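Accompanying notes for the structure given below.
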Amino acid sequence: MGEILRSADMVAVASHQLAQCISGHAWNVDLTMIAVCTNNEVHIYNASPAPSAVWDRLHVLQKHDQLVSGVDWAPVSNYIVTVSHDRNSYVWKLEENVWQPTLVILRINRAAISVKWSPRENKFAVASGAKSVCVCYYEEDNNWWVSKIIRKKHGSTVTGVAWHPNNVVFFCFQLYEPYAKRSFRLQVLLATTSTDCKCRIFSAYIKGVDSRSAATTTFGEIRFGEQLVQLDLALGWAFGVKWSPSGRSLAYVGHDSTIHFIDDVGPSPIAQTLALRDLPLRDVLFLSEKRLVAGGFDCNPMLFASDDTGTWNFVRFLDEGKTPASDVKASTQFSEAFGKFYGQAKRGVATESPSSAPGTYHNNCITLLNPLAPPGEQEIRKFSTSGMDGKVVIWDMSTISDALARLGM
Amino acid sequence: MANTLRPYLTCIRNTLTAAMSLQNFPCQDVERHNKPEVEFKTNTELLLNPILICRNEAEKCLIETSINSLRISIKVKQADELENILTKKFLRFLAMRAESFQVLRRKPVQGYDISFLITNQHCEEMNKHRLIDFIVRFMEDIDKEISELKLSVNTRGRLVASEYLKQYT
């Protein structure tokens with residue numbers, strides 16, 4: 001089921017064909033298990049990013065009636081949240097080796113598209129086709145999850161959500177109190193992308209769930225559901241919004257084959273747009289403050305880096321690809337001569353022959369990129385991608401990061 | 001005339017490669033539904049600009065895309081009345097059997113001879129590049145098929161007429 005792909009300069013480490021089409025995946029905190037959504041089920045595998053690992057299926061979570069569109073695994077509490085096109089969401093808790101679902105009433109009347117746990121795991125945000133975002137939190141008194149809806153402002157389906165990260169990892173916060181206070185303040189920001197081509201940042205501050213100091217941010221006093229920033233940079237549908245590890249920057253992609261970088265997110269952000277000549281992208285992942293990898297309909301992850309002046313540039317495709325089949329090279333003088341005779345016909349035939357599918361490890365669109373690192377890590381070396389071809393591919397940047405360092409990136 | 005065929009097909013191929021970036025998208029208007037947006041056209045933000053590629057006045061190709069589906073409509077060259085009838089009958093024959101073709105549409109779009117409807121489901125099950133190859137080859141072969149049919153109709157007509165008239169000579 002898994003293939004080992006390591007060779008001299010390759011970035012792809014392992015590839016696993018798990019289903020016909022994967023709509024999302026999530027790793028647990030120590031990278032020993034992966035939850036993969038296919039159709040209306042979530043399969044949990046005993047997995048590992050190591051090249052020679054064999055993945056076997058442990059559990060199948062079957063509760064949804066329609067396609068499971070998003071899954072997220074909370075690192076500390078070990079809860080899994082799944083959302084589906086049937087407007088429902090379940091929070092799964094592992095009890096005695098069985099995953100028990102708890103229904104969450106989202107109060108949306110259309111499909112749910114994507115879900116993300118907040119960094120403190122006391123809330124999760126759901127993007128939905130009802131042109132709204134739900135933020136759900138746990139109510140101790142009633143022992144269930146309650147949802148609050150951000151109704152305004154979205155012109156169309158919300159495609160992605162991203163929480164502003166904590167600056168400091170949980171167990172450190174007692175030592176770095178001043179930093180911790182500052183990081184909590186920003187934890188209530190939620191970025192969303194939508195098919196109305198815009199990216200917006202909202203406040204998801206909930207009284208009683210977030211600490212009081214969180215209400216004061218760089219934007220001033222804010223209430224739940226207030227739109228703070230609206231970015232109208234793309235001409236195509238917006239997808240794949242992510243914050244950088246420190247939360248200073250934001251990136252998202254547009255269906256018009258553009259990628260947008262926003263630095264110094266605040267009342268007056270600095271925005272950069274890169275127009276690409278290839279097929280549109282679907283998702284991005286920040287590997288560090290200065291490096292970002294993005295994947296999409298090209299089936300090939302693209303690496304972007306920002307230099308000292310803060311300008312982002314495309315660096316390279318990460319998938320070297322298998323040697324193209326259409327390479328017909330004449331090896332000897334004799335065959336070259338023959339080639340001249342048949343040259344006309346050959347060229348004619350070549351144009352009619354089927355276009356070779358790209359020799360990349362993904363055969364179909366890459367839809368999701370996930371980091372393979374402990375949460376709060378500032379520099380990510382490994383990541384996994386899943387796509388519409390049903391594969392999960394592990395990528396390791398260690399082999400090329402030295403080469404990039406030499407180039408000064 | 002033949003030297004416009006290659007650029008015409010290359011243009012269609014490139015447009016399809018770009019347009020076939022489809023993804024699963026649940027319906028915004030009806031809950032729990034998943035419909036090809038290009039057919040219903042209820043939400044304009046989900047539709048992309050339609051592209052019309054013309055080879056000449058008689059032959060053209062309309063490509064309409066949306067977030068989860070793509071519609072390609074083709075108008076085939078019809079030089080005279082006979083070709084008109086042959087094209088209509090032949091393509092109607094194919095369209096009636098659209099089930100087995102999967103990507104074919106049962107009725108062509110108004111003003112065109114044949115239409116294809118490709119959804120994200122097709123892109124997941126089948127290889128995108130093979131689909132594009134299929135459509136381009138279809139367009140190449142259609143012209144040949146119609147010419148062959150016309151030729152055989154004329155030949156047969158001539159044979160029948162000469163056989164019949166033999167009894168009077």
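Return the average number of partner chain Cβ atoms within 10 angstrom of each residue Cβ along peptide B:39-49.
Average per residue, whole number: 2.
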* Amide H contacts of A:Gly387 (H built 1.01 Å from N, under 5 Å, at least 5 apart or other chain) -> A:Ile22, A:Thr367
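Over all residues in B:11-23, what is the mean tally of Cβ atoms on other chains that come within 10 Å of each residue's Cβ? Each step should come with its number before you reach the end.
On the way: counts 0, 0, 1, 0, 0, 0, 3, 5, 0, 2, 11, 3, 11.
What the average comes to for B:11-23 is 3.
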* **Helix B:5-19 axis, angle to chain B major axis (alpha carbon atoms, nearest 10°)** => 20
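Say R0 is 51 Å: what FRET efficiency, to the nearest 0.05, do B:Phe101 and A:Arg381 get from their beta-carbon distance?
Numbers: r = 47 Å, r/R0 = 0.92.
With a Förster radius of 51 Å, E is 0.60.
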* Nearest-0.05 FRET efficiency for A:Asp307 and A:Val146, computed from C-beta distance (R0 51 Å) -> 0.65
* Asked: Just counting partner chain Cβ atoms within 10 Å, what average do the residues of peptide A:290-297 show around their Cβ?
  -> 1
* Label points 7 Å out from Cα along the Cβ direction at A:Ala271 and A:Asp232: separation in nm? -> 0.9
* Asked: Can you give the angle from 0 to 90° between the axis of helix B:128-166 and the longest principal axis of chain B, with both taken from C-alpha atoms, to the nearest 10?
  -> 20
* Structure fact -> In order over region B:41-50: 3J(HN,Hα) from phi, Karplus 6.51/-1.76/1.60, θ = phi - 60°, whole Hz, x for each Gly or Pro, gives 6, 7, 10, 5, 6, 8, 9, 9, 5, x
* Which residues in region B:48-92 place their backbone N less than 14 Å from a point set 7 Å from the Cα of B:Val153 along the Cα-to-Cβ direction? -> B:77-92
* Structure fact -> Of the listed links A:Lys123/A:Lys382; A:Lys63/A:Lys391; B:Lys89/B:Lys144; A:Lys153/B:Lys41; A:Lys198/A:Lys290, those spanning more than 19 angstrom between alpha carbons are A:Lys123/A:Lys382; A:Lys63/A:Lys391; A:Lys153/B:Lys41; A:Lys198/A:Lys290
* To do: Mind giving me the nanometre distance, one decimal, between the label points for B:Arg130 and A:Asp65, set 7 Å out from Cα along Cα→Cβ?
  => 3.4
* **Solvent exposure ordering (accessible area, 1.4 Å, most first) of B:Asp29, A:Asp319, A:Asp30** => A:Asp30, B:Asp29, A:Asp319
* Could you give the size of the charge dipole of chain B about its Cα centre, using +1 on the Cβ of each K and R and -1 on the Cβ of each D and E, expressed in debye and rounded to the nearest 20? => 420
* **Dipole of chain B, positive direction: furthest Cα of B:Leu52, B:Asn127, B:Ile142, with charges on the beta-carbon** => B:Ile142
* **Farthest positive-ward along chain B dipole, Cα basis, beta-carbon charges - from B:Ala18, B:Thr65, B:Gln78** => B:Gln78
* Segment B:Asp80-B:Gln110, length gained on full extension (0.36 nm per residue, minus Cα span) -> 8.8 nm
* Structure fact -> Once accessible area is computed for A alone, B alone and the pair with a 1.4 Å probe, the total buried surface, to the nearest 100 Å², works out to 2600
* Asked: So for the pair A:Asp278, B:Asn56, with labels modelled 7 Å out along Cα→Cβ, what separation do we get in nm?
  -> 4.0
* 1.4 Å probe, heavy atoms, protein only - residues of region A:76-101 losing at least 30 Å² accessible area vs chain alone -> A:His85, A:Arg87
* **Isotropically averaged projected area of region A:50-130, using the convex hull of Cα atoms (one quarter of hull area), nm²** => 6.5
* Structure fact -> Sorted by accessible surface (1.4 Å probe, heavy atoms of the protein chains only), largest first, B:Met20, B:Met96 come out as B:Met96, B:Met20
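The values are calculated or read from the model by the stated rules, or taken from the named source; none is laboratory data. What you see is a predicted model; the values in this text were computed from it and never measured. As a convention, Cβ positions derive from the backbone with ideal geometry for all residues, glycine included, and neighbour counts pool all protein chains shown. Ligands, DNA and RNA are excluded from the accessible area calculation, which covers all protein heavy atoms including side chains. Shrake-Rupley method; radii C 1.70, N 1.55, O 1.52, S 1.80 Å.
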